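Asks: Let me give you the structure first, and then I'll get to my questions.
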Amino acid sequence: MIREIIASLLLVLGSSLMLLAGIGLVRFRDPLSRAHALTKATTLGISLLLIALWVILEDDISGLKILLVIIFCLLTTPLSGHMVASLYYRQLHKKERPPENAEDSSRSE
Amino acid sequence: MIDICVTISFIILGLATLLALRRVFSGPSVLDRIIGFDAGAICMIGMMVLLSVRWKTGLLIEIMLIFSLLGFVGTIAFVSYLNTAIPRQRKSSAAWKEKKQKGDQSK
C-alpha cells in the first residue's frame with residue numbers, strides 16, 4: 001500500500017514536470033530559453049518516472065536495468081541541450097564576420 | 001489508486017507531447033523543431049514507463065533504453081549536420097589567415 005502511494009506520487013510529479021517542460025517549450029521566445037526549460041525539467045521528470053517504476057516493480061534485476069536507463073538519460077539529455085545551445089550561439093554570432101567572408105557563408109547555406 | 005494516477009499521468013504526458021508537437025510544426029527555426037523532437041522522444045519514454053507500471057512488467061526497460069538512445073542520436077545527427085553547414089570561423093584557424101591575406105592582396 002505504501003509502495004503504491006509513493007509510486008503514484010512520483011508518477012504524478014514526474015509527468016507534471018514533463019508538462020512544465022512542454023509549457024516552457026511553447027511559451028518561451030528564444031531557442032536558448034527553450035532548450036534551458038526542456039533540459040532540466042525533462043531530466044528530473046524522466047528520472048522520477050523511472051524511480052516510480054522501480055518502486056512498483058519490487059525486482060532487483062529490473063531495478064539495476066532501470067538504474068542504467070536513469071544514468072543514460074542523465075548523461076544524454078544535458079548533452080543534447082548543450083549541443084543545441086552551442087549551435088544557436090554560433091548561428092547568432094555568424095554575422096559578425098568581415099565582408100570578404102560574407103559571400104562564402106551565403107554560398108554554403 | 002495507482003490506476004487513477006497512471007491515467008492522470010497518461011493525460012498529462014499526452015498534453016506535453018501535443019505541446020512538443022505544436023513546437024515541431026510551428027517552430028520559427030530548425031533548432032526549435034529539433035528541441036521539440038527531443039521533447040517528444042522523452043515524452044514517449046515516459047509513456048512507456050507508464051505502460052510498464054500499468055502492466056507491472058519489466059520487459060519494456062530495454063526498449064526504453066533503445067528509444068532514449070534513438071532520440072539522442074537523432075538530435076546529435078541533426079545538430080552536427082547543421083554544424084558542418086556553418087563554416088567554422090576562428091581567428092587562429094588557417095583558412096581565416098589565408099582569406100585575410102587574400103583580402104589584403106586584393107586591396
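The values are calculated or read from the model by the stated rules, or taken from the named source; none is laboratory data. The model shown is predicted, which means the values in this text are computed figures rather than measured ones. FYI the Cβ positions are ideal-geometry reconstructions off the backbone, even for glycines, and counts take in every protein chain you see.
Asks: Which numbered condition in (1) β-branched (V, I, T); (2) farther than 24 Å from B:I76 by Cβ; (3) within 13 Å of the chain's Cα centre (by Cα) is the only one that A:I61 fails?
Replies: All conditions pass for A:I61, except number (3).
Asks: B:V79: in a helix (DSSP H, G or I) and over 30 Å from A:E4 (Cα atoms), yes or no?
Replies: yes
Asks: Right, B:I4: surrounded by fewer than 16 Cβ atoms within 10 Å (Cβ to Cβ) and assigned to a helix (DSSP H, G or I) or not?
Replies: So B:I4 fits the description; yes.
Asks: Regarding B:F37, is this residue part of a helix (DSSP H, G or I), under 28 Å from A:Y88 (Cα atoms) and more than 7 Å from chain A (Cβ to nearest Cβ)?
Replies: Against the criterion (part of a helix (DSSP H, G or I), under 28 Å from A:Y88 (Cα atoms) and more than 7 Å from chain A (Cβ to nearest Cβ)), B:F37 qualifies.
Asks: Report yes if some residue within segment B:21-30 is within 9 Å of chain A (Cβ to nearest Cβ), assigned to a helix (DSSP H, G or I), surrounded by 15 or more Cβ atoms within 10 Å (Cβ to Cβ) and in contact (Cβ under 8 Å) with a residue 24 or more places away in the chain; otherwise report no.
Replies: Filtering segment B:21-30 for residues within 9 Å of chain A (Cβ to nearest Cβ) gives B:22-23, B:27-29.
Next cut, assigned to a helix (DSSP H, G or I) only: B:22-23.
Still in the running and surrounded by 15 or more Cβ atoms within 10 Å (Cβ to Cβ): B:23.
Checking which are in contact (Cβ under 8 Å) with a residue 24 or more places away in the chain leaves us with none.
Looking for residues that are within 9 Å of chain A (Cβ to nearest Cβ), assigned to a helix (DSSP H, G or I), surrounded by 15 or more Cβ atoms within 10 Å (Cβ to Cβ) and in contact (Cβ under 8 Å) with a residue 24 or more places away in the chain, one finds none in segment B:21-30, hence no.
Asks: Here's something else I'd like to know. Give the residues of segment A:6-64 that are touching a Gly at 6+ places or on another chain (Cβ under 6 Å), within 20 Å of B:V30 (Cβ to Cβ) and either facing chain B (nearest Cβ under 8 Å) or at pLDDT 90 or above (or both), sorted by residue number.
Replies: The answer is A:A35, A:T39.
Asks: Look at segment B:52-61 and say how many of its residues are at the interface with chain A (Cβ under 7 Å from one of its Cβ atoms) and in a helix (DSSP H, G or I).
Replies: The qualifying residues number 3.
Asks: With the condition kept exactly as written, say whether any residue in segment A:20-30 is touching a residue at least 24 places away in the same chain (Cβ under 8 Å) and among the β-branched types (V, I, T).
Replies: no
Asks: Does A:A7 satisfy the condition of being touching a residue at least 24 places away in the same chain (Cβ under 8 Å), of a type outside the set (S, T, Y) and either part of a helix (DSSP H, G or I) or in contact with an Asp or Glu (Cβ under 9 Å, 6 or more places away or on another chain) (or both)?
Replies: yes
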